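Below is one structure. I have some questions about it.
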Amino acid sequence: MQNITFALYPDMLASSATLPIEMLKAGESFAKVRDRQAERLCISTTAATRDPVTTRSGLKMVADHTFEDPIAADIVFLPALWRNPRRVLKSIPAIYPWLKWQYENGAIISAVGTGVCFLAEADLLDEKAATTHWHYFDQFQADYPNVLLKRQYFITQSGNLFCTASVNALADLTVHFIQRIYNSEVANLVERHFSHEIRRSYETSSYFDGQINQHPDEDIVQAQMWLHDNYSKDIRFSEVASRFEMSVRSFNRRFKAATNKSPLQYLQEIRIQTAKDLLKTSNLTISEIAYKVGYSDMGHFTGLFKKLLATTPSDYRTTVRAKLFKADP
């Protein structure tokens, strides 16, 4: 079961929550017609309180959970705000530790338009790619100078953080999520039912940190996405190869040809990059971080980290935090 939650807050655009909810539910319905065992979607809403939240349109929505509830999500959606977001950003401080906690627990987080500001305020976008609504480019860049703003892209991805510039771009991203949860057939059905026009695909209109899609082998692209979604699990590459209907030998050969890395090297890089982010942004212990990124053996994690980065996790944390909190002269 996939746990998916939508954050609610005043002055949000209701359509930036209701549209992806309807698309996700349609995807679940299409998938279950073909396979009764298809993944179930548990879709909920989360807000500061359970009092009604008034959206920009006047529609009132009541959340299922609050930001204080310890419910880990697989995907978190942050809707867009209407007009200048600064007032709302200051009015719900509880959302920021909640976002950090969800990120530390491996959630995919998607933000649209000025909803991207919540990720920036939570310090999750420092030195990472992002986009936002075109009208707020200059204000966003001034408020968050450490974010790598990609003005020319409607969608950006940096690890588990996705940013979209508009509700239309969010629809494209939602189709992409449906493909990741189910398959391309289900995703295509949802796209055709919600968008009659021919749209540019997510893969061709987005900016990716890590360059996942810079090769033409679509099966390996899907395998890379699967590894990004499941890096914290105990992964056996024989099972991954079988999942994508390849022999281990063929899978290893095609993966190396497409990415210039072995599957194991690619997985290690995902895990170490995630560990770097957690060392910088969280207060988790190093052993907790090792476990969260898929290593139960602390010594193995430390040795691999030092091999790839020429420093230990502890020394890396000390260095990046010294830079992060250093006062200007």
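Counting only residues that are part of a loop (DSSP other than H, G, I, E, B) and out of contact with any Asp or Glu (no Cβ under 9 Å at 6 or more places or on another chain), which one in region 17-43 is nearest to Asp172 (Cα to Cα)?
Ranking the candidates gives Asp35 first.
Inspect region 140-163 for any residue being in contact (Cβ under 8 Å) with a residue 60 or more places away in the chain and either surrounded by fewer than 24 Cβ atoms within 10 Å (Cβ to Cβ) or touching a helix residue (DSSP H, G or I) at 6+ places or on another chain (Cβ under 9 Å) (or both) and give the result as yes or no.
yes
For the condition assigned by TED's automatic domain parsing to the domain that holds Gln157 and buried (at least 21 other Cβ atoms within 10 Å of the Cβ), what is the one hit in Phe137, Phe118?
Criteria check complete, one pass: Phe118.
Separate question: Please identify the pairs in which a residue from region 98-110 that is touching a residue at least 24 places away in the same chain (Cβ under 8 Å) has its Cβ atom under 6 Å from the Cβ atom of a residue that is basic (Lys, Arg) and buried (at least 23 other Cβ atoms within 10 Å of the Cβ), counting only partners at least 6 apart or on another chain.
Here the result reads none, with nothing in region 98-110 linked to a residue that is basic (Lys, Arg) and buried (at least 23 other Cβ atoms within 10 Å of the Cβ).
Does Val112 satisfy the condition of being of a type in the set (A, V, I, L, M), touching a Pro at 6+ places or on another chain (Cβ under 7 Å) and under 21 Å from Thr164 (Cα atoms)?
Yes; evaluated as a whole, the condition is true for this residue.
Among the residues of region 58-102, which ones are loosely packed, with under 13 Cβ neighbours inside 10 Å and of a type in the set (S, T, N, Q)?
The one that is loosely packed, with under 13 Cβ neighbours inside 10 Å and of a type in the set (S, T, N, Q): Ser91.
Something else: If Val248 passes every condition in (1) in contact with a Ser or Thr (Cβ under 7 Å, 6 or more places away or on another chain); (2) modelled with pLDDT under 85; (3) more than 27 Å from Leu124 (Cα to Cα) but one, which one does it miss?
(2)
Could I ask something else about it? Does Glu39 satisfy the condition of being of a type outside the set (Val, Ile, Thr), surrounded by fewer than 17 Cβ atoms within 10 Å (Cβ to Cβ) and touching a strand residue (DSSP E or B) at 6+ places or on another chain (Cβ under 9 Å)?
Spelling it out, Glu39 is indeed of a type outside the set (Val, Ile, Thr), surrounded by fewer than 17 Cβ atoms within 10 Å (Cβ to Cβ) and touching a strand residue (DSSP E or B) at 6+ places or on another chain (Cβ under 9 Å).
Within region 292-309, can you find the residues that are out of contact with any Asp or Glu (no Cβ under 8 Å at 6 or more places or on another chain), surrounded by 16 or more Cβ atoms within 10 Å (Cβ to Cβ) and not hydrophobic (A, V, I, L, M, F, W, C)?
Correct list: Tyr295, Thr302.
OK, next. Pairs needed: first member in region 25-42, charged (D, E, K, R); second member anywhere, exposed (fewer than 13 other Cβ atoms within 10 Å of the Cβ) and in a helix (DSSP H, G or I); C-beta distance under 8 Å; at least 6 residues apart or different chains.
Arg34/Glu185
The values are calculated or read from the model by the stated rules, or taken from the named source; none is laboratory data. In this text the structure is predicted, and so the values were computed from the model without any measurement. With ideal geometry, Cβ positions are generated from the backbone for all residues, glycine too; neighbour counts draw on all protein chains shown.
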